[in-house]
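The values are calculated or read from the model by the stated rules, or taken from the named source; none is laboratory data. Source: prediction; values computed, not measured. Positions of Cβ are generated from backbone atoms using ideal geometry, with glycine treated the same way; all protein chains shown enter the neighbour counts. Heads up: the accessible areas ignore ligands, DNA and RNA and are worked out on the full protein's heavy atoms, side chains in. Shrake-Rupley method; radii C 1.70, N 1.55, O 1.52, S 1.80 Å.
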Amino acid sequence: MRERMLAGEPYMAIDSELGKMHLRAQQILHAFNISLPDATEERQSLIQDLFGALGEDSEVKPPFR
């Protein structure tokens with residue numbers, strides 16, 4: 001399913017793989033949003049898990065939705 005989405009092909013929003021991906025994204029965002037203010041490395045790791053990569057001078061701060 002992910003390959004179809006990346007190729008720009010139509011997809012079914014109720015697909016189980018998409019549901020799992022959505023749940024994982026929600027779990028990452030929850031962990032990110034409850035992280036301690038000095039947990040910079042943890043938050044950076046979570047954002048990389050979510051997006052795969054982030055620009056060199058980018059910064060995301062909680063709360064993030």
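Scanning the range 8-23 for residues that are open to solvent by 50 Å² or more (accessible area, probe 1.4 Å) and charged (D, E, K, R) yields Glu9, Glu17, Lys20. The set of residues in the range 24-57 being under 13 Å from the mean Cα position of the chain (by Cα), among the hydrophobic types (A, V, I, L, M, F, W, C) and loosely packed, with under 10 Cβ neighbours inside 10 Å consists of Ala53 alone.
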